[in-house]
Each structure stands twice: as C-alpha cells, then as structure tokens.
Amino acid sequence: MTTTPVSNIRIAGLGGMGIIKSSQILASVLFEAGHDVKKAEVHGMSQRGGSVASDIRFGTEVLSPMIPEGETDYLLVLTEEELVLYRTALRPGGILIGPSLFEKTVLPNKKSLNIAMLGALSHYLSIPNETWTAHILSSFPEKLQAVNLEAFKLGLHAVK
Amino acid sequence: MAERRLMSGNEAVALGALDAGCARGTGYPGTPSTEILENFDAIGGNAEWAPNEKVAAEVALGVAFAGVYALTTMKHVGLNVAADVLFTAAYSGVSGALVFAVADDPGLASSQNEQDTRRLGIAAGVPVIEPSDAQEAYDFTRLAFTLSARWHIPVILRLTTRVCHTTAIVTPSDHKVAPPPAHFVRDIPGRVMIPGHARIKHRELRAKLNEIREWCETDGPNRIIPGSSTGIVSSGVAYLHAREAAPAASFLKLGMSHPLPMRLILSFLKDKTERFVIEENDPYLVEQIRAAGGDVPWNPEPYRMGELTVDRVRRILARDLTPELPPPRGKPPRLCTGCPHGYVFEIFKKHDAIVAGDIGCYTLAALPPLSAMDSQICMGASIGVGLGLRHVLPESEARRVVSVIGDSTFMHSGLTGIAEMVYNPPPTGHVVVVLDNLTTAMTGQQEHPATGRRLNHEPTTRVRIEDVVTALGVPNVLVFDPVRQIAEFETALLKALKSPELTVLVARQPCLLAAGRIRAYEQAAGKGGGQ
Ligand SMILES: Cc1ncc(C[n+]2csc(CCOP(=O)(O)OP(=O)(O)O)c2C)c(N)n1
Ligand code: SF4
C-alpha cells in the first residue's frame with residue numbers, strides 16, 4: 001500500500017482569537033475543493049485565554065487527525081508568544097505565517113487577524129477565490145462580512 | 001445517495017441517533033461529550049439535561065422500557081455516577097433500545113482522571129462499540145441501536161476526545177427511521193430485579209453475551225486490512241495513528257471491544273512474525289488477548305498514559321525506550337479577569353481557609369496566583385470531604401474548613417452532601433459556599449435545574465438553591481452578590497466560621513461569558529432580568 005501525500009496546516013493562538021472559526025472556514029473550503037479533510041482541536045477550557053491549536057489535514061486520504069511532529073506544511077500562529085511552542089512542528093521548508101507578517105499592514109479590525117492569516121495561506125493553496133469568499137460570507141453576520149473580506153485580501157497581499 | 005457533509009464525531013453521533021429513530025436523548029454535560037445532546041436538540045431530537053448522569057440514565061431506561069429508543073450521553077467519569085443503573089439494566093435489558101454514549105479523555109484535556117470505559121463495559125457485561133472517526137461515529141451509533149434492540153441489552157458507544165472533536169467527512173445513510181409509538185407492556189420478572197428474578201436474568205445476560213460474541217466473530221464491525229507479516233490489532237482513533245505510522249503492516253481493526261472476537265484475533269495473529277496491539281488508555285486488549293493465549297507484547301508503561309499520536313505509535317513499533325520529550329505546554333487556562341468566583345477565593349486566601357473544593361471553572365482557583373483550593377476529587381465531594389475534615393481535625397483547624405461548590409455541581413450531587421451535613425453535623429458546625437454563576441460555565445454554559453431553563457433554553461420550573469437547603473434543615477442560609485457585596489460576604493463567612501452552627505452562603509452573580517445570553521433568554525421569556 002502506498003501512502004498518499006497529505007498536506008498539514010496548524011492554526012494556533014489563544015482562546016478568543018478565532019482559531020476555531022478560521023479552522024472551520026478552512027476545512028469547509030478544502031472540503032468543497034474536493035479533498036479528504038480532517039480537523040482536530042482540543043475544546044474544553046479555551047474560553048479562558050489558554051493556548052488553542054487546530055490541526056487541519058487534507059489530501060486524497062487522511063488517516064490520523066493530528067499532524068505528526070515536524071510534518072506541518074503551513075503554520076499559522078496568531079500571537080508572537082505562542083511561536084516557541086511550535087518550533088519543532090514545521091517541516092523543513094514549511095511556511096510560517098506569523099503575526100510579524102502583518103506589522104506593516106493595517107487591518108480594518110484587529111479581531112480579523114485570523115481571517116487575514118487565511119488570506120496569506122490562500123496564496124499557497126490552489127483554491128478559487130470565489131470559494132474562499134463564499135465561505136467567509138457564510139461564516140459571519142452581515143455587519144462583519146466586509147471587514148473580514150478586506151482582512152482576507154490584505155492577508156493575501158502581504159505575501160504576494 | 002445522501003449528501004456528504006463535514007461534521008464532528010459528536011454531530012455524527014447526534015445525527016446517527018436521530019436517523020435511528022431515537023425518541024429521547026438524556027445526559028449531563030462533560031467534555032468531550034457535551035455537544036452530542038446540544039446537536040441532537042438542534043437537529044430536531046428530543047433532548048434534555050438531567051441533574052446528573054444517574055438520573056439521565058434512569059430516564060433513558062424508562063424510555064427504553066416503553067419500547068422505544070433512548071440515548072444517554074456522558075463523559076467517562078459520568079459513567080461512574082450512572083454505573084448503578086448500567087450494571088442492573090444489563091440484567092433487566094430493555095424492550096426498545098438503550099445506548100450509553102460515553103466519552104473518554106485520554107491525555108486529560110479536561111478531566112480529573114484517565115479511566116477506560118471498556119473496563120466498565122466488561123464489568124457490567126454489556127457490548128462496547130468503538131468508532132475511530134466521524135463516519136464510524138455515525139455508522140456505529142446506528143449499529144449500537146440495532147444491537148441493543150436485537151438483543152434487548154444496553155450498549156456502550158465508547159468515544160474519545162479525538163473522535164468527538166475531530167471534524168471529517170460523513171455520508172449519512174438514506175435509511176432514516178421515525179420513532180415508533182411507545183407502548184407499555186408489563187414484564188414484572190424482567191424488570192423488578194429482586195434476587196429471584198435477577199438470578200434468572202443474570203443467566204440470560206451471559207447467554208446473550210455469548211450470542212453477541214459469536215455474531216461479532218463473523219458479522220461484527222471488525223476489519224482485516226491485509227499487508228506485511230507485521231500484524232497490528234487496534235481500535236478507536238489509535239487505529240488511524242497506527243495505519244499512518246505503519247502503512248505496510250497488516251491490521252485487524254476492531255470496532256467492538258466487548259465481547260471480543262477472540263477466534264478472529266488469534267487467527268489474525270497466528271502467522272504474523274511481529275505482533276503489536278495499539279490501543280489508547282489501558283492495556284485492555286493486550287490483557288484479554290494474552291489471557292486467551294495470544295502472544296502479544298505489553299507496550300511500555302508510559303503509553304497507557306496520555307493520548308497516542310502517530311509519533312508515539314512509531315516509537316512503540318520501533319521498540320524505542322528512550323525518554324519521550326514532554327509535549328510543549330501552552331498557556332494554561334485561568335479564571336477570566338473579573339470572574340465572580342475570583343472575589344470569593346480572594347477572601348478564602350486572605351483568611352487562610354482550608355478549602356474542600358469541587359469541579360468547575362472555580363477549580364482554577366487552585367492554581368497560582370490564588371492557590372486557594374485544597375482538594376478536588378469528583379463532583380459533589382467538596383461537602384463530604386469538608387465534613388470529614390471537620391470531624392477529625394483539631395478545633396482550631398476544623399474551624400477553618402469551608403466546602404465550596406458550583407451551582408451545576410450542587411444540583412448534580414450536592415443535595416445528599418447537605419443531607420449528610422444536617423444529619424451528622426460536626427461539633428464545630430460547617431460552612432458550605434455555593435458559587436452560583438447561573439450556568440454550567442466549565443463545559444460551555446449549559447442549563448441545569450437551578451437556572452430555570454431546559455436544554456433548549458426554554459423556561460421551566462426553577463429549583464431555588466437557598467430554598468432547598470433551608471428545607472433540608474440548614475439554619476443559616478444567606479445570598480450575596482460576590483462582586484458588589486464582597487465585604488458583607490466576608491463578614492458573614494467569618495461569623496459562620498466562628499459559630500458551631502451550619503451555614504450555607506450562596507454567592508450569586510452570572511458568569512461573565514454567559515451574562516449576555518442569560519439576559520437575552522430572560523427577556524425572551526418576558527421576565528426582565530429578575531433572579
Ligand atoms: C461525573 C462528572 N460529570 C461531569 C463532569 C464535567 N464537569 C465538571 S464540573 C462540571 C460543572 C461545572 O459547573 P458549575 O459547578 O456550575 O461550575 P462553573 O464551571 O459554572 O464555575 C461539569 C459538567 C465531571 N467532571 N464529572
Ligand atoms: S467562563 Fe465564567 S465562570 Fe468561568 S472563569 Fe470565565 S467568568 Fe468565570
């Protein structure tokens with residue numbers, strides 16, 4: 001039996017930063033693009049500002065829901081202080097998307113950093129823009145849609 | 001064909017139950033099982049939070065006695081509370097179907113121990129089914145109902161954190177069943193478990209288990225994946241880690257952990273040159289297989305602790321005994337800034353109280369900077385443990401002992417503690433503080449009997465904690481707002497500690513994260529925010 005290549009994305013930060021939200025959007029976008037997808041996260045006590053991480057794996061067939069050590073292809077870390085935790089997570093040549101990427105970018109709303117990070121990630125994944133837009137729209141109430149679409153675009157430009 | 005959808009394991013269990021025709025789901029919240037009933041309600045199922053898991057299981061048993069399908073959900077430690085129901089419901093059996101969805105927490109993401117539910121399945125003598133992912137969570141929920149109905153026996157659906165909380169693609173079945181009408185058929189020898197009846201029912205139970213074992217050997221939810229001469233027996237999410245760690249190996253993937261298809265297991269292992277058992281939590285399969293004469297190695301002790309991962313399975317397979325690096329420890333959770341619980345614990349700390357604690361958000365007060373809780377064992381233990389300390393400690397120490405318990409925990413298992421307190425009062429009296437934040441905050445803000453709202457947040461009769469403890473015979477019962485009346489609370493606490501009488505202080509102020517929603521529910525109910 002041959003193993004099929006699986007791509008691994010980890011989104012990490014602190015409770016309240018929208019880790020779960022952005023990983024949901026990412027998983028549904030990947031599902032719609034026709035991939036097998038698994039998304040694993042530890043729920044429970046995340047309301048109180050503790051560390052939160054979500055693993056999203058996709059490919060032809062995903063087995064374990066958790067990314068093995070050193071096999072993360074894309075690491076999205078929303079806060080500088082959490083970076084140390086994931087030092088050994090990234091695969092050699094893997095892509096780190098950290099908060100420093102957005103130092104020069106003024107986000108329309110600080111709370112949309114999670115979506116800006118998805119924008120940056122979208123540069124590396126071949127998924128049509130309309131798919132991203134549709135899933136961002138359906139994930140937010142109307143008054144937050146424009147802000148998040150804008151954050152997504154800024155994120156994409158930050159890596160382009 | 002039904003549409004493929006992304007869903008979590010817990011959502012899949014809820015949908016599986018709905019599609020199987022489950023008439024009612026009962027349970028008590030507990031990570032990682034909580035979202036099963038919340039989803040069951042959201043998709044149109046009939047769901048309730050019971051005061052605790054024992055009552056939830058009893059209600060579900062009644063539903064199943066009425067000839068229809070019942071689901072009861074809980075975390076692993078919840079089954080300890082409901083065990084009394086399970087062990088004898090195994091004898092009585094059911095006329096409809098009864099599924100216990102029980103979620104284990106290997107690695108203790110949010111629990112007080114790492115117990116393994118498969119052991120309770122074997123002890124009670126009920127089938128245990130173990131899904132690996134969300135698709136199996138759906139399929140095996142349906143299978144659990146089918147087996148329960150076919151053999152008239154309660155069935156445990158054993159889940160773990162990664163099965164409950166992993167989202168994956170699920171194709172639900174097109175075959176959906178509506179709940180049939182319930183109907184009472186008298187069966188006194190079958191349901192009144194006096195010794196004369198129970199002796200017969202115990203024999204029946206063992207006969208059923210033998211039949212189920214035979215079914216499991218040939219038709220059970222077990223699969224062989226052919227491969228190399230390395231043979232791996234596995235179950236649950238551990239199977240997925242193992243497949244990834246050893247893609248070339250042969251696998252026996254067990255979907256049923258009790259009764260085990262031992263002939264199948266031994267014949268699978270027979271011609272393998274290398275043999276492994278990869279399982280999460282206790283060495284349950286290893287013990288059973290070795291007892292049956294199978295030649296499988298014990299895995300090194302550390303691997304029964306914590307979650308398995310692909311990396312850890314690789315180490316087991318490589319017989320790597322070098323010390324494991326501890327996984328990186330993130331920022332631990334703490335009480336939200338401004339949490340009402342914090343005010344109360346500041347007072348305990350200031351007066352060096354000996355705090356017999358309980359489980360909930362407030363347990364975080366045991367950690368620095370507060371470090372103001374001295375014990376936490378299981379739900380409700382604060383009252384009994386506090387009383388035990390009071391009975392034997394020298395008077396000067398006994399007078400410092402306080403029991404502290406949350407509102408949801410109080411409804412779960414605090415009432416009998418209060419009965420004990422008034423029945424066997426310590427000579428120095430006692431003080432119980434109920435932290436009433438008007439919700440079950442720890443598990444994500446569920447309702448309970450003292451919130452006055454049901455699972456779906458619709459209003460119902462509210463149990464008033466201060467009235468209940470008064471009715472039980474506690475002479476001093478006072479209610480405070482711990483934020484605005486903290487000085488008054490402090491004065492009352494000090495007075496109560498000096499007095500040989502019994503006192504219950506209720507500190508009532510909504511959880512910060514729940515306050516907005518509570519207000520909205522109250523407005524919707526037209527109450528305008530009264531207590
Ligand atoms: C037998 C059992 N069932 C469920 C749980 C999970 N659990 C722990 S504490 C708790 C309730 C917490 O609510 P409450 O006492 O109101 O305290 P809060 O979190 O609101 O401060 C629950 C559901 C458990 N640990 N043990
Ligand atoms: S969630 Fe509520 S009860 Fe828990 S720490 Fe925060 S404010 Fe306190």
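The values are calculated or read from the model by the stated rules, or taken from the named source; none is laboratory data. What you are looking at is a predicted structure, and each value in this text was computed from that prediction instead of being measured. No Cβ is skipped: glycine too gets one built from the backbone with ideal geometry, and neighbour counts run over all protein chains shown. Remember, those area values only see protein heavy atoms, side chains included, never the ligands or the DNA or RNA. Shrake-Rupley method; radii C 1.70, N 1.55, O 1.52, S 1.80 Å.
B:Gly190: net charge of surrounding residues, Cβ under 12 Å, Lys/Arg +1, Asp/Glu -1, itself excluded? Write down the numbers at each step before the final one.
Details: positive: B:Arg186, B:Arg191, B:Lys201; negative: B:Asp187, B:Glu204.
Overall, the nearby charge balance is +1.
Is there a quick way to get the dipole size of segment A:6-159? I mean about its Cα centre, with the Cβ of Lys and Arg at +1 and of Asp and Glu at -1; what is the value in debye to the nearest 20?
On the way: 13 positive and 15 negative charges, 67 e Å.
Roughly 320 debye, rounded to the nearest 20.
Could you please state how large a percent of the accessible area of segment A:18-160 is carbon and sulfur, counting protein chains only and using a 1.4 Å probe? Don't jump to the answer; show the numbers that get you there.
On the way: 3400 of 6300 Å².
Accessible surface attributable to carbon and sulfur in segment A:18-160 totals 54 percent.
So, in nm, how far is label B:Arg329 from label B:Ser375 when the simple model puts each one 7 Å beyond its Cα toward the Cβ?
Going by the 7 Å Cα→Cβ label model, 2.5 nm.
For segment A:47-71 and segment B:299-374, compute the distance between their C-alpha centroids and round to whole Å.
With segment A:47-71 and segment B:299-374 each reduced to a Cα centre, they are spaced 21 Å.
With every protein chain present, what is the per residue accessible area of the protein assembly as shown (1.4 Å probe, Å²)?
Numbers: 27970 Å² over 691 residues.
Heavy-atom accessible area per residue stands at 40 Å².
Could you work out the relative contact order of segment B:335-395, using alpha carbon pairs under 8 angstrom and six or more residues apart, expressed as a whole percent? The partial results should precede the final answer.
Working: 66 pairs, mean separation 18.8, N = 61.
This gives 31 percent for segment B:335-395.
Based on DSSP H runs of at least 4 residues, each adding -39500 (n - 2.57), what is the mean residue ellipticity at 222 nm of chain A after dividing by all its residues, to the nearest 500 deg cm²/dmol? Let's see the in-between values first.
Details: 4 runs with 53 residues, N = 160.
After summing the helix terms and dividing by the residues of chain A, the value is -10500 deg cm²/dmol.
Quick check: pseudo-label points 7 Å beyond the Cα along Cα→Cβ at B:Ile200 and B:Asn456, how many nm apart are they?
Result for the modelled spin labels: 4.1 nm.
Which order do the peptides B:349-359, A:99-109 come out in when sorted by mean C-beta neighbours inside 10 angstrom, highest first? Don't skip to the end; give the middle numbers.
Values: B:349-359: 20.2, A:99-109: 13.5.
Highest mean packing first, the order is B:349-359, A:99-109.
Of the accessible area of chain B, with the probe set at 1.4 angstrom, what percent is carbon plus sulfur? Can you show the working numbers first?
Numbers: 11820 of 20900 Å².
So the carbon and sulfur contribution to the accessible surface is 57 percent.
What are the principal axis extents of the Cα atoms in chain B, in Å, biggest first?
Projected onto its principal axes, the Cα set of chain B covers 75, 61, 50 Å.
Name the residue farthest towards the positive end of the dipole of segment A:6-159 from the options A:Val147, A:Ser126, A:Pro92, assuming +1 on Cβ of Lys and Arg, -1 on Cβ of Asp and Glu, about the Cα centre.
A:Val147
Just to be sure I understand: of the beta bridges DSSP finds with both ends in the protein assembly as shown, what percent are antiparallel, rounded to 5? Write down the numbers at each step before the final one.
Values: 29 of 91 bridges.
Counting only bridges with both partners in the protein assembly as shown, antiparallel ones make up about 30 percent.
Enter the buried accessible area of the B/A pair, total of both sides, probe 1.4 Å, in Å² rounded to the nearest 100.
Heavy-atom accessible area buried at this interface is about 3100 Å².
Out of all DSSP beta bridges with both ends in segment B:223-317, state the antiparallel percent to the nearest 5.
Numbers: 3 of 13 bridges.
Counting DSSP beta bridges with both partners in segment B:223-317, the antiparallel share is about 25 percent.
Alpha carbon centre of segment A:86-160 versus segment B:19-62: separation in Å?
The two parts, judged by their Cα centres, are 38 Å apart.
Sort the following peptides by mean Cβ neighbour count (other Cβ atoms within 10 Å, averaged over residues), highest first: B:121-131, B:34-44. Please report the intermediate quantities before stating the final value.
Numbers: B:121-131: 23.9, B:34-44: 21.5.
In descending order of packing, they fall as B:121-131, B:34-44.
Students often check this: by mean Cβ neighbours within 10 Å, which of B:85-95, B:165-175 ranks highest, and how do the rest follow? Provide the component values of the computation, followed by the final result.
Details: B:85-95: 21.9, B:165-175: 19.5.
Most protected by this proxy first, the peptides run B:85-95, B:165-175.
Which net charge results when you count Lys and Arg as +1 and Asp and Glu as -1 among the other residues whose beta-carbon is under 14 Å from that of A:Pro5? Numbers along the way, then the final one.
Numbers: positive: A:Arg57, A:Arg91; negative: A:Asp36, A:Glu61, A:Glu71, A:Asp73, B:Glu244.
Residues near A:Pro5 contribute -3 overall.
Equivalent-ellipsoid semi-axes (√(5λ), Cα gyration tensor) for the protein assembly as shown, whole Å, largest first? Don't skip to the answer; put the middle values down first.
Values: eigenvalues 318, 252, 124 Å².
Values for the protein assembly as shown, descending: 40, 35, 25 Å.
Can you list the GluC sites (Glu not before Pro) in segment B:468-523 that are in a DSSP coil and have 16 or fewer other beta carbons within 10 angstrom?
Values: sites: B:Glu488, B:Glu490, B:Glu501, B:Glu522; in loops: B:Glu501.
For GluC sites (Glu not before Pro) across segment B:468-523 that sit outside H, G, I, E and B with at most 16 neighbouring Cβ atoms in 10 Å, the list reads B:Glu501.
Would you check segment A:6-159 for Lys pairs whose C-alpha atoms are within less than 23 Å, ignoring same-chain pairs closer than 8 in sequence, and give me the count?
For segment A:6-159, the number of qualifying lysine pairs is 13.
Within a 10 angstrom radius of each residue's Cβ in B:233-239, how many Cβ atoms of other chains show up on average? Whole number is fine. Could you put the intermediate results ahead of the total?
Values: counts 0, 0, 0, 0, 5, 1, 2.
Rounded to a whole number, the mean comes out at 1.
How many Cβ atoms of partner chains, on average, are near each residue of A:57-70 if near means within 10 Å of its Cβ? Kindly include the intermediate steps, with their values, before the conclusion.
Values: counts 3, 0, 0, 0, 1, 6, 12, 17, 13, 11, 3, 9, 7, 1.
Partner Cβ neighbours, averaged per residue: 6.
For B:Ile383, what charge total do you get from the other residues with a beta carbon under 10 Å from its beta carbon, if Lys and Arg give +1 and Asp and Glu give -1? Walk me through the intermediate numbers first.
On the way: positive: none; negative: B:Asp358, B:Glu420.
Around B:Ile383, the surrounding residues sum to -2.
Under 8 Å for C-alpha pairs, at least 6 residues apart: give me the relative contact order for chain B, rounded to a whole percent.
Once normalised by length, the contact order is 11 percent.
Just give me a number: lysine pairs in chain B, eight or more positions apart or cross-chain, with C-alpha atoms less than 26 Å apart.
Lysine pairs, 8 or more places apart or on different chains, close enough: 13.
When the helix-only estimate is applied to chain B (DSSP H runs of n ≥ 4, each -39,500 (n - 2.57), divided by the residue count), what is the mean residue ellipticity at 222 nm, nearest 500 deg cm²/dmol?
Values: 21 runs with 217 residues, N = 531.
Only helices count here, giving -12000 deg cm²/dmol.
I'd like the antiparallel share, as a percent to the nearest 5, of DSSP beta bridges with both residues in chain B. All intermediate terms of the calculation are to be shown ahead of the outcome.
On the way: 11 of 65 bridges.
Roughly 15 percent of the beta bridges in chain B run antiparallel, per DSSP.
What residues of segment B:317-350 lose no less than 40 Å² of accessible area with every protein chain in place versus their chain by itself (probe 1.4 Å, heavy atoms only)?
Output list: B:Pro328, B:Lys331, B:Pro333.
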